[in-house]
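Every read-out reported here was derived from the displayed coordinates using simple, explicitly stated rules and does not represent laboratory data. The model shown is predicted, which means the values in this text are computed figures rather than measured ones. For neighbour counting, all protein chains shown are included, and Cβ atoms are generated from backbone atoms with ideal geometry for every residue, glycine included.
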Amino acid sequence: MKRTWLGLLAAVATTLVAVGPGQAQIKLGLGGPITGGSAVFGSQMKNGAEQAVEDINAAGGILGQKVQLFLGDDVSRPEQGVSVANKFAGDGVKFVVGHFNSGVSIPASDVYQENGILQITPASTNPVLTERKLTNVFRTCGRDDQQGAVGGKYIAQNFKGKKVAVIHDKTPYGKGLADEIKKNMNSAGVTEVLYEGVNVGEKDFSALVSKLRQQGIDLVVWGGLYPEGGLLVRQMRDQGVNAVLLGGDGIASAEFGAVGGPGVEGTLMTYGPDPTKRPNAAAIVKKLIDKKINPESYTLYTYAAVQILQQAMEATKTTDPKKVAEYMHSGKPFDTVIGTISYDAKGDRTDSDYVMYIWKKAADGKLIFEEMQSAP
């Protein structure tokens, strides 16, 4: 088994969800930001994976074997993601759901490929992940070039002639998404007047907000996650900048409203159709809600990833990751809580379902995001 020195030397906190003794077990890893700045999303992934494993084991497991879940905390850091990947390999894990950040999934995928581990991410959208001709990588989400096309088209239709700024967090996800939106709006005749990057973890955006105010910006394209995006909106409003913010799935969390405050109302966002509203997700949604778990964002995308692995193993009657991956690449459909999914030769979904959302205040005063039926 191949393992990098970084993985051998790093200490990774891994939690094991045990099954009964003496049983044959399928080892499944869940890699994500269980702690750190993106822990909200890591918690969603953990909830989805644990519920899926619980349901599978309660029904008898897969091919007569119970599923054993390992949790690896990558803290949203690439080097820690590689350490988690190596720890999984050392533990004999052969299937991994993860990671969340594209900047973590990409380097971790090399370790998984070297060790014959199948990886399926519910959240990493950077196209590079599946463009490197690896045979073991899949995702239940879409790609940044897909949501970038939806965002760019919306800008061209609704903000032509307006002043647009493009801001990103310099990560593979954030910059990747911002650049895809920029490319699409540029090709449709909209050129940004400001393009800048900020640092993950940055708290003070006063200098940037001053630039936005001085240039009379009407729309801010945000490529990044909710912590910085929420602070940016809050500080824009504090300084009297009323520009609309347009972000991607990285702000698809109630925490965006908590960080950004009332000023996030009117924020635009690209994201997939709300999976909690699908009839085939109703039973799982109820189970989670009964446990006081909010099934938002990547909870069901993660549950779907485990469902796909289960269905592929049962169809091939094997737990060999290589044979399972070959079946998944074949274009066969998988029925999941987020809809029917099939894969192309790269490991990408054969469909694209990104839509536009708008953040608004609900009747109870909470800030929520709602799919747009038409332009606001």
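A few points about this structure:
- Over all projection directions, the Cα-based convex hull of the chain averages an area of 18.3 nm².
- Alpha carbon convex hull of region 253-294, volume per residue in cubic angstrom: 85
- Projected onto their three principal axes, the Cα atoms of region 234-330 cover extents of 61, 31, 19 Å, largest first.
- Rg/Rh (Cα only; Kirkwood hydrodynamic radius) as it applies to region 40-108: 1.01
- Ranked by the mean number of other Cβ atoms within 10 Å per residue, highest first, peptides 216-228, 66-78 order as 216-228, 66-78.
- Radius 14 Å from Cβ of LEU194, net charge of other residues (Lys, Arg +1; Asp, Glu -1): +2
- With Cα atoms, 0 to 90° folded angle of helix 78-90 axis to the chain main axis: 10
- Angle between the chain longest axis and helix 172-187 axis [Cα atoms, degrees, rounded to 10]: 50
- Three-way shape call for region 220-284 based on the alpha-carbon gyration tensor, with the a/c threshold at 1.5: prolate
- Bins of 5 Å from zero: percent of alpha-carbon pairs in region 82-206: 2, 11, 18, 17, 15, 13, 10, 7, 4, 2, 1, 0
- Long pairs among LYS170/LYS366; LYS175/LYS360; LYS291/LYS361; LYS160/LYS211; LYS175/LYS346, criterion Cα-Cα beyond 24 Å: LYS170/LYS366; LYS175/LYS360; LYS291/LYS361
- Packing rank of 232-239, 201-208, where each peptide gets the mean count of other beta carbons within 10 Å, highest leading: 232-239, 201-208
- Sorted into 10 angstrom bins from 0, the C-alpha pair distances of region 148-304 split as 11, 38, 32, 14, 5, 0 percent.
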